[in-house]
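Heads up: the structure comes next, in structure tokens.
The values are calculated or read from the model by the stated rules, or taken from the named source; none is laboratory data. Keep in mind the model is a prediction, meaning the values are calculated, not measured. Here the Cβ is made from the backbone with ideal geometry for all residues, glycine too, and neighbour counts use every protein chain on show. To get the accessible areas, we keep the full protein, side chains included, count just its heavy atoms, and leave off ligands, DNA and RNA. Shrake-Rupley method; radii C 1.70, N 1.55, O 1.52, S 1.80 Å.
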Amino acid sequence: MNPTSISATFKRLPTIGLMLGLLAMMIPLSQAQTFSAIHSFTGGSDGGIPLDGLMIDKAGNLYGTGSYGGPGGYGVVFKVNPTGKETVLHGFTGGTDGAKPEASLIMDAIGNLYSTTTAGGASGAGTVFKVGRYGKETVLYSFTGGTDGANPEAALVMDGVGNLYGTTTAGGSAGNGTVFKLVHPPKEGGKWREKVLYSFGQGTDGTVPVAGVTLVRGNLYGTTSAGGTYGYGTVFELKPSKSGWTETILYNFQGGNDGDVPYAGLIVDPSGNLYGAATGGGTGAGGTIFELSPSNGAWTFTVLYNIPGWTLSGPFRDLMMDASGNLYGTTHCDGSYSDGTVYKLTPSGGTWTYTSLHEFSGSDGYFSYSNLVLDERGNVYGTASVGGASNYGVVFKIAP
């Protein structure tokens, strides 16, 4: 198995879409919810082709990135207010400021936004950037494409003192990607310092981390989309020590009923259980939703749900869990129309019940590479990468 990145997969999707028309598969439906596209990207100055989801602030404003378009033509950071009005906060020029943002955003306590671009920067290998409250973009780090990493496609996580952690899909000592830390400068406005915490090697430790990392009590958890014992990806843990960071493989995907190619990252519940998604494999062929539970120093892997579909038609981005323990996610090209779905999984008595919240059909958007967010009223928000009024993607809302 040699999975491609989200960027490379997206380039193949028009061809794949023609094939999928013959392969549509039905799954249990329950669509009492109301779907609306609250913003359709034009591919012009407003941007387009969002390849990840959104973050939401306390006022209900949504923030995200588009990998295409904008004033400079190389993508945007955008805001959509509760009425659906979009504002471009920064348009990438493709130069030292970065190009092709493919990841979602995080926000600090004072409203600054942080994320990555997969290209551009001083060496063309991608950046970590900040957009301030008034729209000023600052590049915090430009990857050189060498041992420091290259081509990040995932969002970041921030610790309690403002340090940032993330992954690159390439670069590092073996060229198979890294986990990195950006150390916050002692004084505001100072230089951020990058430290490579781990470089993925030649195979069994995992390769090509497409997702970011999750920070839990000082340890980092994540997935690699390839490598491991069987070559189908891994779930890993990184623990700090005086001598550096040590990687432990928590699970090696076998490419069978357990799933394969986990592009999505991990989320954690209050008990310390990890949840994630494999993009392919499983008994339904369209990926799996899984849980890893810790007990006495060991981890138990359990498939919670098998998604119907075909090779790599399943989830690409992280799951979301609500306060009741329900899981939400998207798939990018399965469902009745082979255009992707939005779904909910509800736990009860040791089993999980699947509810389809929406099936994309083209004009409403399709090929969703989105995480999901909830507002206080239970509305679900996300993005579809293409489709909509101008075929450059949408920001959508699903009301309960």
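Observations, loosely collected:
- P(r) histogram, all alpha-carbon pairs of region 83-147 included - 5 Å bins from 0, percent: 4, 19, 28, 24, 14, 7, 3, 1, 0
- Semi-axis lengths, largest first, of the ellipsoid equivalent to region 311-356 are 21, 11, 8 Å, with √(5λ) applied to each eigenvalue of the Cα gyration tensor.
- Our Cα-only numbers for region 252-328 put the radius of gyration and Dmax at 12.0, 37 Å.
- Accessible area in square angstrom per residue, region 234-369, 1.4 angstrom probe: 34
- For region 293-400, the calculated P(r) over all alpha carbon pairs, in 10 Å bins from 0 to the bin holding the longest distance, is 14, 44, 30, 10, 2, 0 percent.
- Listed residues GLY203, GLY111, GLY48, most fluctuating in the chain (Gaussian network, C-alpha, under 10 Å): GLY111
- Part-to-part distance (alpha-carbon centres) for region 48-111 and region 355-374, which is given in Å: 19
- Solvent-free Debye calculation, one equal scatterer per alpha-carbon of region 349-400: log10 I(q)/I(0) at 0.14, 0.29 Å⁻¹ equals -0.41, -1.10.
- Dimensions of region 111-263 along the principal axes, based on C-alpha atoms and rounded to the nearest Å, stand at 49, 32, 27, largest first.
- Relative intensity of the chain on a log10 scale, I(q)/I(0) at q = 0.06, 0.07, 0.12 Å⁻¹, equals -0.20, -0.27, -0.87, per a Debye sum over C-alpha point scatterers of equal strength in the absence of solvent.
- Candidates per trypsin sites (Lys or Arg not before Pro) in region 91-145, loop by DSSP, up to 14 other Cβ within 10 Å: ARG133, LYS136
- Distance between modelled label sites at THR138 and ALA122, nm, 7 Å Cα→Cβ extension: 1.6
- Added length on full extension, which subtracts the Cα-Cα distance from 0.36 nm per residue, ALA109 to ASN81: 8.2 nm
- Low-density loop cleavage sites - chymotrypsin sites (Phe, Trp or Tyr not before Pro) in region 122-176, where at most 16 other Cβ are within 10 Å (DSSP): TYR134
- Of LYS58/LYS85; LYS58/LYS100; LYS79/LYS191; LYS136/LYS181; LYS191/LYS239, pairs whose Cα-Cα distance is over 21 Å: LYS58/LYS100; LYS79/LYS191; LYS136/LYS181; LYS191/LYS239
- For the chain, the share of accessible area belonging to carbon and sulfur comes to 51 percent (1.4 Å probe, ligands and nucleic acids excluded).
- Highest GNM mean-square fluctuation among GLU237, GLU376, GLU194, for the chain modelled with Cα contacts below 10 Å: GLU376.
- Once the Cβ-Cβ distance of ASP159 and SER295 is raised to the sixth power relative to R0 = 30 Å, the FRET efficiency obtained is 0.70.
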